[in-house]
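J.: Below is one structure. I have some questions about it.
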Amino acid sequence: MVENLLTMGGAILFVSYFIPSVVAAVRDHKYMGAVMALNILLGWTFLGWVVALVWSMMGKNENNQMTIINNGDAIKIVKCNHCGEGVDSRVKACYFCQKEQ
Ligand SMILES: [Zn+2]
């Protein structure tokens, strides 16, 4: 019984240890590799784990997408590669700088 609890606790700790890496992977983090390295190499210091977790949650999603609902249509807004303005993902040229996406 006690051994089972210890095994379970160990499994939970083991899974928890990699939470920063999982968060970074799910968010497609810009520095995912660095977050994972910090997590794995310094996670055991707890401070390293906290830093990795905070870091994994920082920064905007690089693809910067946003979806708006217009009359029931979901329109995906993406950032223009040239001027950075938000444009409808279905259009070929940016409304603002007229460059092709
Ligand atoms: Zn543009």
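J.: Can you tell me which residue is farthest from the chain's Cα centre (by Cα) among those in the stretch 45-59 that are open to solvent by less than 80 Å² (accessible area, probe 1.4 Å) and of a type in the set (F, W, Y)?
T.: For the stretch 45-59, the residue satisfying everything is W49.
J.: If you don't mind, there's one more thing I want to ask. Within the stretch 65-86, restricting attention to residues that are out of contact with any strand residue (DSSP E or B) (no Cβ under 8 Å at 6 or more places or on another chain) and open to solvent by 40 Å² or more (accessible area, probe 1.4 Å), which residue is farthest from the ligand (Cβ to nearest atom)?
T.: G72
J.: Of everything in the stretch 87-101 that's within 24 Å of the chain's Cα centre (by Cα) and open to solvent by less than 40 Å² (accessible area, probe 1.4 Å), which residue is nearest to the ligand (Cβ to nearest atom)?
T.: V87
J.: Output the number of the condition that V78 fails; it satisfies all remaining conditions of (1) touching a Ser or Thr at 6+ places or on another chain (Cβ under 7 Å); (2) hydrophobic (A, V, I, L, M, F, W, C); (3) in contact (Cβ under 8 Å) with a residue 24 or more places away in the chain.
T.: (3)
The values are calculated or read from the model by the stated rules, or taken from the named source; none is laboratory data. Because the structure is a prediction, the values reported are computed rather than measured. Every residue, glycine as well, gets a Cβ built from its backbone with ideal geometry; the counts of neighbours run over all protein chains shown. The protein model used for the area step is the full one, side chains on, heavy atoms only, and it has no ligands, DNA or RNA in it. Shrake-Rupley method; radii C 1.70, N 1.55, O 1.52, S 1.80 Å.
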